[in-house]
Amino acid sequence: MKILNLIRYKNLIFIVLIQWLVFYSVISPILQKFNVEILLSSFAFWLIVLATVLIAAGGYVINDYFDLKIDRINRPESVIIGENMSKKTAMRLYITLTSIGILLGIIISILLKSSTLGLIFIIVPGMLWFYSSSYKRQFLVGNLIVALVSALSLVVVLVAQCALLINIYGTDLLRQTPVLQELYRWVCGFALFAFLFTLVREIIKDLQDINGDREMECRTLPIVLGECKAKIVITALLSIILTGTYFVMQKFSLPNDNGITFRYFLFGIFLPAGLAIGFLWNKQFNYKMSGNLIKFTMLIGILYTLIFNFLLAKTYGFALFGIFQIV
């Protein structure tokens, strides 16, 4: 159980969920809409998922490895490395997980003939290493890296599918159709949503960890600007995100929506995000509650892919997940 906590198994399950949703509830229905074959096989998809999960797990291990002193101040009850596992064993676990993840990523990129995909699987582990060893202690850089990695976990599935489309149909032919544009618009939209909410969550996390970070002379946003200004930044970011989400929702409305999207976002996104802001400023609540609400909001936002799939299936007459026919 300790090793499962070390690799953050709950977060890994979330990664699997969002990649599955992006592929089966966004990419697949868009391709069905245009009567384009879904070229990425289940085997290739799950190989990508496995590579992503292994690299993420390795990232969590190396993060705890470098954060040992900070964690002993901020959350001593959850420290595993140095207590239940030696630092030497933790480093070996990190190398094993990351190496297998990179190897699988390179193999699938070769099979799909995608240099971009291979580059992602090489760069991301490097980003996670430098994040854990130094960047997370710098002003805002670490937060942006984690947010970018979170967004790339969604984009990587799109890159794989688009590589196959380009290999089969060619770039020139695809550019004469709206297929690639539609795929990138929606998947990158969800990825941007994940990026922004992860960024907010990471800043809130820095507020939670301010005592240990200050002791280790880190230069996180709350330490550099102070707690009050950090909360102002979070409030401003969330306000901008919610405003932008509202306008995007108005511009890119789906057929047969009938107000479903508005109600979903009102109660699933705007309400919990507003509560997170309220908890952030109310001294009766701690930062953890606000952070958990942001994680919940992010989950609800990603689950909108199911609504997206349902509305496309209903409009264009194909079976939901290839099983349920919408009438």
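Observations on the model:
- Restricting attention to region 128-171, the residues that are among the basic types (Lys, Arg) and either farther than 30 Å from LEU68 by Cβ or crowded, with 22+ Cβ neighbours inside 10 Å (or both) total 1.
- Test: LEU31 is in contact (Cβ under 8 Å) with a residue 40 or more places away in the chain, out of contact with any Asp or Glu (no Cβ under 8 Å at 6 or more places or on another chain) and within 30 Å of LEU183 (Cα to Cα): no
- For region 237-295, residues that are farther than 20 Å from ARG201 by Cβ, of a type in the set (S, T, N, Q) and not in a helix (DSSP H, G or I) total 4.
- Some residue of region 312-320 being within 22 Å of GLU202 (Cβ to Cβ) and either part of a helix (DSSP H, G or I) or at pLDDT 95 or above (or both): no
- The number of residues in region 58-93 that are among the basic types (Lys, Arg) and modelled with pLDDT of 85 or more comes to 3.
- Residues in region 273-289 include at least one that is of a type in the set (Lys, Arg), surrounded by fewer than 17 Cβ atoms within 10 Å (Cβ to Cβ) and either under 27 Å from ILE13 (Cα atoms) or in contact with a helix residue (DSSP H, G or I) (Cβ under 7 Å, 6 or more places away or on another chain) (or both).
- Of the residues making up region 125-167, those that are of a type in the set (Val, Ile, Thr) and in contact with a Gly (Cβ under 7 Å, 6 or more places away or on another chain) number 0.
- The residue list GLU215, GLU202 contains one member that is loosely packed, with under 14 Cβ neighbours inside 10 Å and more than 23 Å from LEU306 (Cβ to Cβ), which is GLU215.
- So ILE168, is it of a type in the set (A, V, I, L, M) and at pLDDT below 90: yes
- Figure legend. Inter-residue proximity from region 1-21: first residues in contact (Cβ under 8 Å) with a residue 60 or more places away in the chain, second residues aromatic (Phe, Trp, Tyr) and buried (at least 19 other Cβ atoms within 10 Å of the Cβ), beta-carbon distance below 7 Å, spacing 6+ or different chains. Indicated pairs: LEU6/TYR60; ILE7/TYR60.
- Of all residues in region 227-254, those that are among the charged types (D, E, K, R) have Cβ atoms under 9 Å from Cβ atoms of residues that are surrounded by fewer than 16 Cβ atoms within 10 Å (Cβ to Cβ), 6 or more apart or on another chain, in LYS231/TRP281.
- Residue within region 168-183 that is touching a residue at least 12 places away in the same chain (Cβ under 8 Å) and under 17 Å from the mean Cα position of the chain (by Cα) present: no
- Positions within region 218-238 being among the aliphatic types (A, V, I, L, M), buried (at least 16 other Cβ atoms within 10 Å of the Cβ) and over 22 Å from PHE270 (Cβ atoms), in sequence order: LEU221, ILE223, ALA230
- Failed item, numbered, when ILE210 is tested on (1) in contact (Cβ under 8 Å) with a residue 40 or more places away in the chain; (2) surrounded by 18 or more Cβ atoms within 10 Å (Cβ to Cβ); (3) more than 27 Å from TYR24 (Cα to Cα): (1)
- Near pairs, Cβ below 8 angstrom, 6+ apart or cross-chain, from region 287-299 (in contact (Cβ under 8 Å) with a residue 40 or more places away in the chain) to any residue that is surrounded by 15 or more Cβ atoms within 10 Å (Cβ to Cβ) and among the β-branched types (Val, Ile, Thr): TYR287/ILE204; SER290/ILE204; SER290/ILE277; GLY291/ILE204; ILE294/VAL200; ILE294/ILE204; THR297/ILE269; MET298/THR198
- Of the helices (runs of 4 or more DSSP H) lying entirely inside region 28-113, those containing at least 1 residues that are among the aromatic types (Phe, Trp, Tyr) and under 30 Å from TYR316 (Cα atoms) are 42-66.
- Checking each residue in region 242-291 for being among the hydroxyl-bearing types (Ser, Thr, Tyr) and under 20 Å from ALA230 (Cβ atoms) picks out TYR287, SER290.
- For region 291-319, the candidate set comprises residues that are among the polar types (S, T, N, Q) and farther than 21 Å from PHE34 by Cα; within that set, the residue that is surrounded by the most Cβ atoms within 10 Å (Cβ to Cβ) is THR297.
- Residue that is touching a residue at least 24 places away in the same chain (Cβ under 8 Å) and more than 16 Å from the chain's Cα centre (by Cα), where the choices are PHE139, PHE130, PHE121: PHE139
The values are calculated or read from the model by the stated rules, or taken from the named source; none is laboratory data. It should be emphasised that the depicted structure is a prediction, and the values quoted were computed from it without experimental measurement. Positions of Cβ are backbone-derived with ideal geometry, glycine not excepted, and every protein chain shown enters the neighbour counts.
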